[in-house]
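What follows is a single structure, written as structure tokens, with notes after it.
The values are calculated or read from the model by the stated rules, or taken from the named source; none is laboratory data. Only a predicted model underlies this, so the values are computations on that prediction, with no experimental measurement involved. No Cβ is skipped: glycine too gets one built from the backbone with ideal geometry, and neighbour counts run over all protein chains shown.
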Amino acid sequence: VGLLGANGAGKSTLIRILLGLLAPDAGKIERPHDAVIGFLPEVQVLPMDATPWHWVVHACRLRGAPDEEAERWLDAVRLQRTAWRKRMRELSKGMRQRAAFAFALAGEPPWLVLDEPMSGLDALGRRQMLDVLRARKAAGAGLLVSSHIVPDLVRLCDRIVLLAHGRVHAEVMIREHSMQEAEALEAMLAEANQQEPPDA
């Protein structure tokens with residue numbers, strides 16, 4: 001499932017509520033207490049003195065996977081091996097984003113929640129990460145991905161929820177993963193953003 005919306009539409013707030021990091025103003029969220037979720041936040045909160053290797057090993061241990069699996073995921077996200085043993089503070093934003101991706105993927109959690117996952121990545125990096133996520137989806141992982149990059153969501157998701165002003169504006173099924181669908185969604189997004197907020 002993709003969450004699409006402009007800045008301030010409520011994507012990150014919804015994700016924080018779903019993960020139990022923020023209480024909803026009304027209603028309730030039901031979630032299994034033992035759910036294993038790989039989470040990639042919009043704002044990186046990486047330990048700057050840790051290395052990508054140790055950080056992803058930590059994720060493996062949290063999820064009951066062997067330490068050696070860290071190598072698999074660091075390779076999967078195409079982080080250069082010369083960067084594995086460097087401190088996070090020495091790496092570029094794109095490299096840190098790849099390390100954060102590997103942390104979310106390590107241990108193959110059945111659910112992945114990714115908030116603006118392509119932040120800091122160039123066009124090649126975005127394509128590589130989309131390939132990784134498509135592989136996890138094909139393996140049966142559930143994905144919830146928020147983004148304002150419409151083509152990325154259309155390539156990845158079967159269903160996209162369009163948020164505007166903190167509310168669901170539309171829900172769209174993606175059938176062909178085509179540029180025509182992306183263009184139609186971009187038009188819907190522009191229309192939603194032009195409407196007045198419900199409480200205005």
### Message
Can you go through E191, E181, E176, E186 and tell me which one is buried (at least 19 other Cβ atoms within 10 Å of the Cβ) and either at pLDDT 85 or above or in a helix (DSSP H, G or I) (or both)?
### Response
E181
## Note on the structure
The condition from (1) loosely packed, with under 15 Cβ neighbours inside 10 Å; (2) not assigned by TED's automatic domain parsing to the domain that holds D158 that A123 misses is numbered (2)
### Task
Report, ordered by the first and then the second residue, all pairs with beta carbons closer than 9 Å, sequence separation of six or more or different chains, a first member in the range 150-174 that is without any contact (Cβ under 8 Å) to a residue 24 or more places away in the chain and within 20 Å of P197 (Cβ to Cβ), and a second member that is charged (D, E, K, R) and part of a strand (DSSP E or B).
E171/R159
### Task
Working carefully through the options A70, A102, find the one that is more than 21 Å from I15 (Cα to Cα), modelled with pLDDT of 95 or more, among the small types (G, A, S) and buried (at least 21 other Cβ atoms within 10 Å of the Cβ).
A70
#### Entry: helices (runs of 4 or more DSSP H) lying entirely in the range 1-91 (those with 2 or more residues that are in contact (Cβ under 8 Å) with a residue 12 or more places away in the chain and in the same structural domain as M129 (by TED's automatic domain parsing))
11-18
### Query
When you go through V57, V43, V36 one by one, which is the residue that is buried (at least 19 other Cβ atoms within 10 Å of the Cβ), of a type in the set (A, V, I, L, M, F, W, C) and over 26 Å from V172 (Cβ atoms)?
V57
### Task
Would you check if A139 is more than 13 Å from G5 (Cα to Cα), of a type in the set (A, V, I, L, M) and surrounded by fewer than 15 Cβ atoms within 10 Å (Cβ to Cβ)?
yes
### Task
Those residues that are within 15 Å of Q97 (Cβ to Cβ), outside any helix (DSSP H, G or I) and more than 12 Å from the chain's Cα centre (by Cα), I need them from the range 107-136; list them, please.
G120, L121, D122
